[in-house]
Amino acid sequence: MGKRLIQQCRGKGSLTYRVRPSAYKHKISYPALSVNGFGKIVKLINSAGHTAPLAKIEIMVEKAGKKEKINFIVPAADGVYEGQEIFIGLREKGKPEKGDIVALKDIIQGTKVFNVEIAPGKGGKILRTGGSSGIIMTRDEKGVELIIRRRKLKINKDSRAIIGVAAGEGRITKPLIKAGKKHHLMKSVGRKWHRTSAIKRNAVDHPFGSGRGKRAKSKIAKRNSPPGLKVGHIRPSRTGRKK
């Protein structure tokens with residue numbers, strides 16, 4: 001009897017293929033849409049599960065006639081520091097500063113932003129990787145145009161973003177030097193490493209295994225097939241060469 005296939009093990013979710021919970025104990029979120037005013041960066045956090053350092057922000061809000069503190073965590077902008085004041089919303093005087101959380105409609109064209117919401121109030125979903133940013137371009141009734149490298153996205157004008165570039169740029173510039181460094185890096189993101197291609201495995205370990213002259217068997221898997229069979233084409237609309 002052969003071993004359980006790698007994709008079956010991954011589907012089961014054993015410790016080998018699961019990210020350790022401590023890597024994702026910090027939840028990234030924005031405060032409610034009604035919250036605005038000055039906030040303070042109380043702590044910069046080095047999280048194993050994120051490529052950018054995180055900033056814990058504290059702001060005073062009024063609830064039922066009383067003022068209370070609320071905290072939330074976002075990816076840190078490049079150049080911010082602990083104790084720095086940022087503004088949530090549009091400043092009354094002066095343009096937004098680095099680290100401010102502003103609605104897209106209030107941001108000047110050509111400004112770099114990151115941690116952008118797709119829908120207002122849902123929290124930042126795109127441009128959260130260390131060193132990433134997009135550029136605000138034209139705006140109209142349909143929304144605000146955001147350029148990400150060569151791609152253009154149209155996003156709701158009331159969605160929020162952070163001014164600046166996400167901290168942590170250049171993290172892949174430094175060479176890993178030894179395999180141990182790569183091992184710990186891959187362990188933090190919960191992937192099996194090294195990855196062996198299917199055709200190089202034994203026939204009992206994968207449907208493409210053995211190869212027999214490096215000719216992998218063509219497979220068209222059904223959408224609801226179990227992990228051990230979900231290889232090759234996954235319910236394609238068509239196969240073969242286009243004529």
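Readers should treat all values here as calculations from the given coordinates under stated rules, not as data from a laboratory. Not measured: the values here are computed from a predicted model. Cβ placement follows ideal geometry from the backbone for every residue including glycine, while neighbour counts extend to all protein chains displayed.
Mean separation of Cα pairs under 8 Å and 6 or more residues apart, divided by the residue count, gives the chain a relative contact order of 18 percent. Between their Cα atoms, which of 27/174; 105/154; 27/125 are more than 19 Å away from each other? Correct reply: 27/174. Please determine, in degrees from 0 to 90 and to the nearest 10, the orientation of helix 179-189 with respect to the longest principal axis defined by the Cα atoms of the chain, where the helix direction is its Cα long axis. Its long axis makes an angle of about 70 degrees. For the stretch 139-215, GluC sites (Glu not before Pro) meeting the loop criterion (DSSP other than H, G, I, E, B) and having at most 15 other Cβ atoms within 10 Å: 141. For the stretch 173-234, what class follows from the C-alpha gyration tensor (a ≥ b ≥ c being the square roots of its eigenvalues): rounded when a/c is under 1.5, otherwise prolate if a/b is larger than b/c, else oblate? It is prolate, given that a/c is not under 1.5 and a/b is the larger ratio. Going by the alpha-carbon gyration tensor, a ≥ b ≥ c the square roots of its eigenvalues, is the chain rounded (a/c under 1.5) or, if a/c is not under 1.5, prolate (a/b greater than b/c) versus oblate? It comes out prolate by the Cα gyration axes.
The spacing between the stretch 172-243 and the stretch 100-162, judged by their C-alpha centroids, is 35 Å.
Proximity of backbone amide H atoms, modeled 1.01 Å from N, is registered between residue 72 and 57 at under 5 Å, excluding neighbours fewer than 5 places apart on the same chain.
Once you sort the root eigenvalues of the Cα gyration tensor of the stretch 22-108 as a ≥ b ≥ c, which label holds: rounded (a/c under 1.5), prolate (a/b larger than b/c) or oblate (the other case)? If you can, show how the numbers build up before the last one.
Values: a/c = 1.88, a/b = 1.26, b/c = 1.49.
The shape class here is oblate.
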